[in-house]
Every structure is written in structure tokens, then in C-alpha cells.
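**Q** Please read through the structure below; I'll follow up with questions.
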Amino acid sequence: MRTLTTISSYQRGSYPFPKDEIDPKEKNAEWSQKWCEAMYAAWVTDRSGIPYSQLEELWTLRRYGAGNQDISKYQKIMLDDSGDSQDSEGYLNVNWEIFSVAPKFKYVVVGMFEQQDHNIVATAVDPSSSKLKEDAKFMKWFRSQFKDKLQQIEAGMGDIQNKSEYLPGSVEELDLYTQMGGFKLAKEMKIEEGLNYTFHISDWAETKRKIINDFLDINKAAVKDYVDPYTRKVKTRYVDSAALIVQFSRHWDHRNAEYAGELIKETISNIRKNTDIPEDELLNLAQFYNGRNSNNTLTSWTQDDLRFKSGGWKYDNFLIDVMDAEWFSVNSKYYSKRTNERGDTHTYEEKWGKNVNNKKKTTDIKNFKVVYRCKWIVGTDRVYDYGLQYDVPRPGKKEVELSFSFYQLPGRSLVSLMVQNLDSLQLTWLKLQNALAMSANAGIAVEYTAISNMKLGGNKLEPLELLTIRRDTGDLIYKSTTHRGVM
């Protein structure tokens, strides 16, 4: 494995997308790696749907939405760095915790959307299915119009009609029954049940909450369809938009994006199970990611210190950056038609790139749109789980789609529009605390001679004792004097 390539190298270097018009047999690990590196380079150079330079802004908006924005922004405004100002002493006594209303507004919106749900309705549109539903509809109408005669015939034959069967009394009732799904086919109901089951096992309620929060915070959200490698069941999961690499598109749903990928974290133990990378290269990966991605920081890298007594390695749980990527490609197949001396025509698959056209032999080229997949250890020349992607959505027999679904709303997000107000609210809250901390307690101004040398019941009262009576009873005893202190 080569030395890990850093982000700056991908920002400065040239990493073009590889040629697609090649023999499908040549679309191997090296070709897949070039695709991944080209996608990664486009992302870090801001040539993608979510530019790399906007990631810090996305995380900042998420912190604002959670009411956890950086407090140092306000400390720089409120505190005097010179240390000479006496006003800064008051701010040492305030509570710097964020006072935000953004989470409350988000809870309200998320709650509103969580209460709204949509039923899955599958409708077959092929001619055969349409004819079956039309036949069932006309049969239902026929039984309603000739109900009495049919009952007589069935009674004579010893067949008792199902009295619970609904029979429309008019054309309007028949149309309403049709709109309510009265003639739904068994395969349509199975599709609906299958999709509902997929959402259930995918914990769609949690995914939906994350999607709504992303739309409120950053105005974009993404999910991915996949097949569970163990249960072989189709599922869908949430994708962090800050880790998504997708081709730029002018469509909000990025329907014409030709590639997409996600930066995921894989443990070294999982990489070891899924690849044939030698242990010395895994050790190099562990050293590069030592202290990164929330990994532990190992100080000694000798064999004895790295080994557990149980036989494992201390860096087995280190998280490594891996790009899970997909992209469209076109594979071509060459078919030759040959006519023999008797005039019989035979068609057979030809070697890729061999195109012959003469009187006896013609070549027909058929193109197939496919999806390729690959997992690339970022910054290395190592890939795994690459090749044709078979479990892909198919809108039509000859159409394919990527497993990633990404939607970006126009304009600014709701939290982005609130940032200025949230900053003003936080600064006002800090200033209010400071004003309260620096303000004097409520009191009254009393002329000293008015409460000095006071006697009550033959006992002399000190001025502080009179002020104590004032605080306890609200009454102030004083003597009237002139401006010269004369009674």
C-alpha cells in the first residue's frame, strides 16, 4: 500500500474520471479506484452537490439548531481582551450557557410532521392487470343488476350466495367502490405489504425524524437503500449529508446525478475480514489514524505492546475513513449474425470490440446501463467490495437508479434564517445578566443627622438600629432638622 494521500494532494492534483468505453472485464479494482479518487477530488475541490468548503457551515447550523453554538463568539464581543476595562469583571459572574429557543421551534415542527403519515398505494398499470380489474368491476356490476335471478339459479343448484358480499346500487357507488380500492389485485396488496414491512424493519420513524431535522438545519437530506448482508432483506437508512459526495445537479432531487458516495467509518477489524490487506499495511493505517476519528492515542508501537493476551490488536477498533461509492456505467455486448450457405442465420456473442460487417456477417452492439459499486480506503490504493451492483432500484426494465436518494431544498434553511435573531437573543441575555450583577441593591437616602442622637423610652438608638427597624417594619423613625441641623 502506498503512503496515504492527504486532502491537500487531492485538491492540488489532477484526478480525472476514467474512460467508460472499455471492455467490462477491464472494469476492475484499478478502474474502480480511479472512479473513487475522481469523485473524492471533485468533492474536496467544491465541484460536487455539497461542496467541501461548506461542511463547517453545515455543522455550525446544526449546532445552532441544537442550541449548542460556540460560546466563544459571544465572549469575544462581550469581554475586553486588554484586561483594563472594569466592565469585563461583571461578565466573569454571568452564566455563559446558551439560551436558545431554536430547539423548541424544531420540536414543534418535527412533532407536526411526525403526526402526518402517508399510506403506500400500489397500482398496477400494465395492460394485463388493468384488464383484470376491469373484468372484476363489470362482474360486480352484473351481480348487482341481476342479484335476484342469480340467487334463484344458485339456490336451485344448491349453492348459497355469500350474503356479506357488497353490491353497488348505482354507477356512482360502483365508481366510489373502485376509488376506495375495492378491485385491488393480490399482487398490488403484496407490494404494499412488502414496502410497509421494509419501512418497519428499517426503523423509518427514527430516520424520518433525522430527515426532518436535516431539512430544518441545513435544507438537505439523504437516505440509502441497501440489502442487509446477513438477513438479505431490503432496508433503507439515513445518510449524513455532511458525509455525502454527490454530483452537482440543477434538480432539487438530483435525479440526473451519475455518481454518489458516502464517507463511512470502518473498523480495522472489519477491513481485515473483508479484504486481504496484510497486517503491516493495517498497522500503517492504524498509525495514520492514531488519535483521529475519536480513536485512542497509542504511544508505543512495538509488537509486544500492541498485542492483547487474548491475541487481538489494540488498534482493531480504530475507525478508518472509507468511501462507499456508486456510479453509472454503460457496458456493451457485441452480437454477430452470420448467414451460412443454406441461408440460415445464427446469432452469437462476439468478443468485445470486434465489429465485422460484410455480406456474410454483421455485428450488432447492444448497450446496457448498469451501476458499479466500490469501497475505497480513502487516500490509499486499496479497494474492496467492488464490481457490478446487482441490488439496485429499477424504474423500468432497461433503467437503473443509484441506491442514494438526495433532496436539497432551494434557498436558506429555517435555522439559517434564525441565526441573527439567536445571536441577538444570546447577547441580550448576557447583557441582562451583567446588568443585574453590576447593579446596586435597592435602598433609600437618609440624612445622618436626622437619625443620630435618637432616644426612645430613655434608650439611645444608634443609626444602624433605626435602619434595621426600617428594613423589618418598613417604618423609618427620624427627627426633623433644618439645613443647619437645628431642631
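The values are calculated or read from the model by the stated rules, or taken from the named source; none is laboratory data. The structure displayed is predicted, hence computed values, not measured ones. Virtual Cβ from ideal backbone geometry, glycine too; neighbours counted across all protein chains shown.
**Q** Can you spot a residue in the range 6-13 that is out of contact with any Ser or Thr (no Cβ under 6 Å at 6 or more places or on another chain), surrounded by fewer than 15 Cβ atoms within 10 Å (Cβ to Cβ), without any contact (Cβ under 8 Å) to a residue 40 or more places away in the chain and part of a loop (DSSP other than H, G, I, E, B)?
**A** yes
**Q** Could I ask something else about it? Could you tell me whether the range 209-232 includes any residue that is more than 30 Å from GLU258 (Cβ to Cβ) and in contact (Cβ under 8 Å) with a residue 40 or more places away in the chain?
**A** Yes, because at least one residue in the range 209-232 is more than 30 Å from GLU258 (Cβ to Cβ) and in contact (Cβ under 8 Å) with a residue 40 or more places away in the chain.
**Q** Quickly run through the range 35-61 and pick out the residues that are surrounded by 18 or more Cβ atoms within 10 Å (Cβ to Cβ) and charged (D, E, K, R).
**A** Correct list: GLU37 only.
**Q** Show the residue pairs that are 6+ apart or on different chains and have beta-carbon atoms under 9 Å apart, the first residue being within the range 292-321 and without any contact (Cβ under 8 Å) to a residue 60 or more places away in the chain and surrounded by fewer than 10 Cβ atoms within 10 Å (Cβ to Cβ), the second being part of a loop (DSSP other than H, G, I, E, B) and among the small types (Gly, Ala, Ser).
**A** Every condition considered, the pairs that remain are THR297/GLY291.
**Q** Report every pair of residues separated by at least 6 positions or lying on different chains whose Cβ atoms are under 7 Å apart, first residue within the range 88-105 and within 30 Å of PHE215 (Cα to Cα) and of a type in the set (Gly, Ala, Ser), second surrounded by 14 or more Cβ atoms within 10 Å (Cβ to Cβ) and modelled with pLDDT of 85 or more.
**A** SER100/GLY67; SER100/LEU422; ALA102/TYR64; ALA102/GLY65; ALA102/GLY67; ALA102/VAL415; ALA102/MET418; ALA102/LEU422
**Q** Kindly indicate whether any position in the range 359-375 is in contact with a Lys or Arg (Cβ under 6 Å, 6 or more places away or on another chain), among the β-branched types (Val, Ile, Thr), touching a residue at least 12 places away in the same chain (Cβ under 8 Å) and over 25 Å from LYS273 (Cα atoms).
**A** yes
**Q** Then there is this: Farther than 28 Å from GLY312 by Cβ, over 13 Å from the mean Cα position of the chain (by Cα) and modelled with pLDDT of 95 or more: does that describe GLU266?
**A** Spelling it out, it is not the case that GLU266 is farther than 28 Å from GLY312 by Cβ, over 13 Å from the mean Cα position of the chain (by Cα) and modelled with pLDDT of 95 or more.
**Q** So which strands (runs of 3 or more DSSP E) stay within the range 189-295 end to end and still have 1 or more residues that are of a type in the set (Asp, Glu)?
**A** Where strands (runs of 3 or more DSSP E) fall fully within the range 189-295 and carry at least 1 residues being of a type in the set (Asp, Glu), they are 220-227, 259-267.
**Q** How many residues does the range 428-462 contain that are in contact with a helix residue (DSSP H, G or I) (Cβ under 7 Å, 6 or more places away or on another chain) and either in a loop (DSSP other than H, G, I, E, B) or modelled with pLDDT of 95 or more (or both)?
**A** Total satisfying the criteria: 1.
**Q** Look through TYR74, TYR64 and report the one residue that is surrounded by 15 or more Cβ atoms within 10 Å (Cβ to Cβ), modelled with pLDDT of 95 or more and either within 28 Å of the chain's Cα centre (by Cα) or outside any loop (DSSP other than H, G, I, E, B) (or both).
**A** TYR64
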